[in-house]
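Inspection log for the structure reproduced underneath, given as structure tokens.
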Amino acid sequence: MRLPLKAKFSGLVLGLVMVILVSIWTLSVYEQSKMERSIAEQQRSTMRDELTKRATNILAFLSANSEALAIGDYLTVDAFVRDLSTSPDIRFIHIVKDGRLIVPLQDGAPPRYQLPRGVKPAGGAMHFEMVDGAGVDSEPLIIVSGPIVDKTIRRRVAEAYVGISRLPVRDAIESAQARVKESGRIARYEFTFATLLFAILGVVGSVILVAFVLRPINILTRGAKIIGQGNLNHEVVVRTNDEIGDLAHTFNVMTRNLREDQVKLIEKQKLEQEIKIAMQIQQTLLPKSLPNAPGYSFGAVYGGAREVSGDYYDFLDIRSNGRPRIGVVVADVAGKGIPGAFMMAVTRSILRAQAPVSDSPAQVLKLTNGILQPDLKKGMFVSMVYGILDVQSGHMELSSAGHCPSLVYRAGSGSVETVRCKGIALGIGAAQLFERRIESKTVPLAPGDIFFQYTDGIQHAMNIEENRFGMDRLMACLREFNPGDAQSLVARILERINSFTAGFPQFDDITMVAIKRDRA
Amino acid sequence: MEFKVEVGPASWKPDITVIKLFGSVDAQTAPLFEKEAMAAVGKGKKKVLVDCAGLDFISSAGIGVFMVILSEVEAEGFLRVMNLSDEVYESFEILGINEVMEIYKDEKDARRAIA
């Protein structure tokens, strides 16, 4: 069952107050009854002392006037006794001599004295006896009995029995007890009232306190809901300098971290999406298969450093005047991601559109630059080698737009030639400058010779010691791997590069194309 | 070597901004080079001399940054380079950058030409 904190706190306070109330009630009742008992005891003993004193006085008075008794002057004694009996609580004073009641005086001869019920005959000393129901209307009495001694003759002349009412004593005790009881009751009510007042104050106080304590927690709860709904910009404002303030601070830090992580995640996803799109563009643009020309084998390897490459290669089937020709393109686009892929697509389209226009690679590159350069974004350029292989003659005409040199493996000598064609990259200079600089070279391929074109990612491939693969290693590969067809050559070179870099991350793309003229 | 860019006025001609490059400028470090260089150019410093004495290697992405700077400054000022290592010079030469940008062998050469 869900019980709000307010109810819990109020219940706790109420419970505590109730426990205190019950304990104090019990204690006060117990203390009061103890007090009543002790007051009664004290009163009783005080009253007894008082009675004793009075009885002693009466007996002492009678003893002092004992000569009247000794000489039988009962009239005088009777007058004394009547005088003494005026006290409201004295019920009777009986003086008995030789078993007969001589005072108060009776008509005729003194009668035999009937001892009050429960009273023994007086002995040599004063004796007290509590007698209930001995007086009129069953009044409780204390009966004092004692001898009356004539001091002169030192003889006992009579016995006295004095009945004193105990009612005033009892009334005094009862009223004292009633007063104690009443004041106890009033004290309890006052105390109960005060306690209940405290209980109400406690409940109200605890409700206010809980509300006060809950306020920042409620703010936190609301904040958590808002954040839970996806608003990571929400900041919880709790300015209390306590544990809840600390919690709110931690909460805000957590939200901030979450927000930053989310931004990073979105950026990462965006980047991944961009890479995916760029890769899709590239994959559709790269040749699906290698050319098929009798007497030649072709090979190509294409690999982006980080999923998306700025490189591309292409093979074109060009027939001019019935002579079969194969165009080969290897290019490096300065720019990666979607801009790079887009640039590559545009370049490829322009080149493909211009390729049939001329048999001269230099002319095709000039035309391509003329169209591409004015619209290129600043800082973007494309380096490219374009070669046209005359399948029948084995002559390869090459032009380079600022691309790295071509390599030719000569089967006859077992050596590797470097073919450099002057030229500037597409997009760097205006048409005039581009056209002035570009040149063409014709490379004849003899049986067993290999034409090899790459992008600078191969030279620049780096291992963990920061050594680069370099031209010497590449040329050594060509000399070593020349047996076999062109595709196995490029595959083995790639393998060699990968074992050189040994997993060290590369920032440049690796693309290579090989054309090998079959041995006769 | 860790990639680093330093931008400051030339001691011998304060209106010329010298950008010193250290380490390698490749696809990874090119954006920082571009940011630093364009910040200076954006403040109106259109006479730029790039000191490549500390530059070990440059990829096409790095050369792209040179092209961006060039397009920004060529109307009012210039972009020139000096102290190129053979390897870096070759990268410039292959692309034909030496056709659109003045390249000096060293500072002495640059001072003589610019003054």
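Restricting attention to the range A:135-158, report how many residues are in a strand (DSSP E or B), open to solvent by less than 50 Å² (accessible area, probe 1.4 Å) and either outside the structural domain of A:D83 (by TED's automatic domain parsing) or not hydrophobic (A, V, I, L, M, F, W, C) (or both). Break it down into steps so the answer makes sense when it comes.
Within the range A:135-158, the subset in a strand (DSSP E or B) is A:141-150, A:155-158.
Add one more test, that the residue is open to solvent by less than 50 Å² (accessible area, probe 1.4 Å), and what stays is A:141-148, A:150, A:157-158.
With the extra rule that they be either outside the structural domain of A:D83 (by TED's automatic domain parsing) or not hydrophobic (A, V, I, L, M, F, W, C) (or both), the set shrinks to A:145-147, A:150.
Final tally of qualifying residues: 4.
Can you tell me which residue among A:Y189, A:Y161 is under 60 Å from the mean Cα position of the chain (by Cα) and either acidic (D, E) or in the same structural domain as A:S66 (by TED's automatic domain parsing) (or both)? Step through it out loud before you land on a result.
Numbers: A:Y161 fails: under 60 Å from the mean Cα position of the chain (by Cα).
Of the residues listed, the single one that is under 60 Å from the mean Cα position of the chain (by Cα) and either acidic (D, E) or in the same structural domain as A:S66 (by TED's automatic domain parsing) (or both) is A:Y189.
Filter the range B:1-20 down to the residues that are in contact with a strand residue (DSSP E or B) (Cβ under 8 Å, 6 or more places away or on another chain) and open to solvent by 10 Å² or more (accessible area, probe 1.4 Å) and list them by number. Break it down stepwise before answering.
The initial filter retains those residues of the range B:1-20 that are in contact with a strand residue (DSSP E or B) (Cβ under 8 Å, 6 or more places away or on another chain), namely B:1-10, B:15-20.
Of everything in the range B:1-20, those that are in contact with a strand residue (DSSP E or B) (Cβ under 8 Å, 6 or more places away or on another chain) and open to solvent by 10 Å² or more (accessible area, probe 1.4 Å) turn out to be B:M1, B:E2, B:F3, B:K4, B:V5, B:E6, B:V7, B:G8, B:P9, B:D15, B:V18, B:K20.
Checking the condition aliphatic (A, V, I, L, M), open to solvent by less than 50 Å² (accessible area, probe 1.4 Å) and under 30 Å from A:F193 (Cα atoms), which residue from A:I102, A:I39 passes?
The conditions single out A:I39.
Suppose we filter A:V364, A:V408, A:V391 for residues that are open to solvent by less than 10 Å² (accessible area, probe 1.4 Å) and closer than 20 Å to A:P444 by Cα; which single one remains?
Working: A:V364 fails: closer than 20 Å to A:P444 by Cα; A:V391 fails: open to solvent by less than 10 Å² (accessible area, probe 1.4 Å).
Of the residues listed, the single one that is open to solvent by less than 10 Å² (accessible area, probe 1.4 Å) and closer than 20 Å to A:P444 by Cα is A:V408.
Considering only residues of the range A:445-463 that are more than 9 Å from chain B (Cβ to nearest Cβ) and small (G, A, S), which is most open to solvent (accessible area, probe 1.4 Å)?
A:A446
Could you count how many residues in the range A:338-361 are open to solvent by 40 Å² or more (accessible area, probe 1.4 Å) and part of a loop (DSSP other than H, G, I, E, B)?
1
From the list A:I217, A:I244, A:I227, A:I200, which residue is assigned to a helix (DSSP H, G or I) and open to solvent by 70 Å² or more (accessible area, probe 1.4 Å)? Show your work before the answer.
Working: A:I217 fails: open to solvent by 70 Å² or more (accessible area, probe 1.4 Å); A:I244 fails: open to solvent by 70 Å² or more (accessible area, probe 1.4 Å); A:I227 fails: open to solvent by 70 Å² or more (accessible area, probe 1.4 Å).
From the options A:I217, A:I244, A:I227, A:I200, the qualifying one is A:I200.
Any residue in the range A:310-317 that is over 54 Å from the mean Cα position of the chain (by Cα), in the same structural domain as A:L489 (by TED's automatic domain parsing) and more than 28 Å from A:L489 (Cα to Cα)?
First, pick out the residues of the range A:310-317 that are over 54 Å from the mean Cα position of the chain (by Cα): A:312-317.
Still in the list and also in the same structural domain as A:L489 (by TED's automatic domain parsing): A:312-317.
Then drop every residue that is not more than 28 Å from A:L489 (Cα to Cα), which leaves none.
Among the residues of the range A:310-317, not one is over 54 Å from the mean Cα position of the chain (by Cα), in the same structural domain as A:L489 (by TED's automatic domain parsing) and more than 28 Å from A:L489 (Cα to Cα), which makes the answer no.
Assess whether B:G23 counts as being within 29 Å of A:M471 (Cβ to Cβ), in a helix (DSSP H, G or I), within 14 Å of chain A (Cβ to nearest Cβ) and open to solvent by less than 20 Å² (accessible area, probe 1.4 Å). Explain how you work it out, then say what you get.
Values: within 29 Å of A:M471 (Cβ to Cβ): yes; in a helix (DSSP H, G or I): no; within 14 Å of chain A (Cβ to nearest Cβ): yes; open to solvent by less than 20 Å² (accessible area, probe 1.4 Å): yes.
Answer is no for this residue.
Between A:L59, A:L75, which is among the aliphatic types (A, V, I, L, M), closer than 20 Å to A:D150 by Cβ and surrounded by 16 or more Cβ atoms within 10 Å (Cβ to Cβ)?
On the way: A:L75 fails: surrounded by 16 or more Cβ atoms within 10 Å (Cβ to Cβ).
Every option except A:L59 fails the conditions.
Of all residues in the range B:32-71 being within 11 Å of another protein chain (Cβ to nearest Cβ) and over 12 Å from the mean Cα position of the chain (by Cα), which is surrounded by the most Cβ atoms within 10 Å (Cβ to Cβ)?
Per the stated criteria, the residue is B:S60.
Would it be correct to say that A:V169 is touching a helix residue (DSSP H, G or I) at 6+ places or on another chain (Cβ under 6 Å), farther than 30 Å from A:G118 by Cβ and assigned to a helix (DSSP H, G or I)? Lay out the reasoning, then the answer.
On the way: touching a helix residue (DSSP H, G or I) at 6+ places or on another chain (Cβ under 6 Å): yes; farther than 30 Å from A:G118 by Cβ: no; assigned to a helix (DSSP H, G or I): yes.
Spelling it out, it is not the case that A:V169 is touching a helix residue (DSSP H, G or I) at 6+ places or on another chain (Cβ under 6 Å), farther than 30 Å from A:G118 by Cβ and assigned to a helix (DSSP H, G or I).
Among the residues of the range B:72-115 satisfying the criterion of being part of a helix (DSSP H, G or I), under 12 Å from B:V48 (Cα atoms) and within 12 Å of chain A (Cβ to nearest Cβ), which is most open to solvent (accessible area, probe 1.4 Å)?
Restricting attention to the range B:72-115, the residues satisfying the condition of being part of a helix (DSSP H, G or I) are B:72-73, B:86-95, B:97-99, B:107-114.
Narrowing further to those that are under 12 Å from B:V48 (Cα atoms): B:72-73, B:110, B:114.
Right, trim to within 12 Å of chain A (Cβ to nearest Cβ) and you get B:72-73.
Details: B:E72: 84, B:V73: 0 Å².
Top of the filtered list is B:E72.
Scan the range A:401-417 for residues that are more than 10 Å from every other protein chain (Cβ to nearest Cβ) and closer than 24 Å to A:N369 by Cβ and jot them down. Talk me through it step by step, then tell me what you get.
Step one: list which residues in the range A:401-417 are more than 10 Å from every other protein chain (Cβ to nearest Cβ), which gives A:406-417.
A:S406, the sole residue that qualifies.
Specify which of the listed residues (A:K366, A:K377) is within 14 Å of chain B (Cβ to nearest Cβ), farther than 23 Å from A:T511 by Cα, within 60 Å of the chain's Cα centre (by Cα) and not polar (S, T, N, Q).
Values: A:K366 fails: within 60 Å of the chain's Cα centre (by Cα).
Among A:K366, A:K377, only A:K377 is within 14 Å of chain B (Cβ to nearest Cβ), farther than 23 Å from A:T511 by Cα, within 60 Å of the chain's Cα centre (by Cα) and not polar (S, T, N, Q).
Can you tell me how many residues within the range A:119-134 are of a type outside the set (D, E, K, R) and open to solvent by 60 Å² or more (accessible area, probe 1.4 Å)?
Of the range A:119-134, the ones of a type outside the set (D, E, K, R) are A:119, A:121-128, A:130-131, A:133-134.
Imposing the further condition that a residue be open to solvent by 60 Å² or more (accessible area, probe 1.4 Å) reduces the set to A:121, A:124-128, A:130.
Within the range A:119-134, residues that are of a type outside the set (D, E, K, R) and open to solvent by 60 Å² or more (accessible area, probe 1.4 Å) number 7.
Within the range A:464-497, track down each residue that is outside any loop (DSSP other than H, G, I, E, B), under 27 Å from B:P31 (Cβ atoms) and open to solvent by 30 Å² or more (accessible area, probe 1.4 Å).
A:R468
Out of all the residues in the range A:422-444, which are within 10 Å of chain B (Cβ to nearest Cβ) and assigned to a loop (DSSP other than H, G, I, E, B)?
A:K422, A:G423, A:I424, A:A425, A:G427, A:I428, A:G429, A:A430, A:I438
Counting just the residues of the range A:321-337 that are over 15 Å from A:V513 (Cβ atoms) and crowded, with 16+ Cβ neighbours inside 10 Å, which one comes out farthest from the other protein chains (Cβ to nearest Cβ)?
As a first pass, look at the range A:321-337 and keep what is over 15 Å from A:V513 (Cβ atoms): A:321-325, A:333-337.
So of that shortlist, the ones also crowded, with 16+ Cβ neighbours inside 10 Å come out as A:325, A:333-337.
Values: A:R325: 26, A:V333: 8, A:A334: 4, A:G335: 7, A:K336: 6, A:G337: 10 Å.
Applying the filter and picking the extreme gives A:R325.
Please enumerate the residues belonging to the range A:503-520 that are among the charged types (D, E, K, R), crowded, with 24+ Cβ neighbours inside 10 Å and more than 54 Å from the chain's Cα centre (by Cα).
First pass over the range A:503-520, keeping only residues among the charged types (D, E, K, R): A:508-509, A:516-519.
With crowded, with 24+ Cβ neighbours inside 10 Å added as a condition, the list becomes A:508-509, A:516.
A:K516 - this is the single residue of the range A:503-520 that is among the charged types (D, E, K, R), crowded, with 24+ Cβ neighbours inside 10 Å and more than 54 Å from the chain's Cα centre (by Cα).
For A:L316, all conditions in the list (1) part of a helix (DSSP H, G or I); (2) at pLDDT 85 or above hold save one; what is the number of the exception?
Condition not satisfied by A:L316: (1).
The values are calculated or read from the model by the stated rules, or taken from the named source; none is laboratory data. None of these values were measured; they are calculated from a predicted model. Every residue, glycine as well, gets a Cβ built from its backbone with ideal geometry; the counts of neighbours run over all protein chains shown. For accessibility, only protein heavy atoms count, side chains too; no ligands or nucleic acids. Shrake-Rupley method; radii C 1.70, N 1.55, O 1.52, S 1.80 Å.
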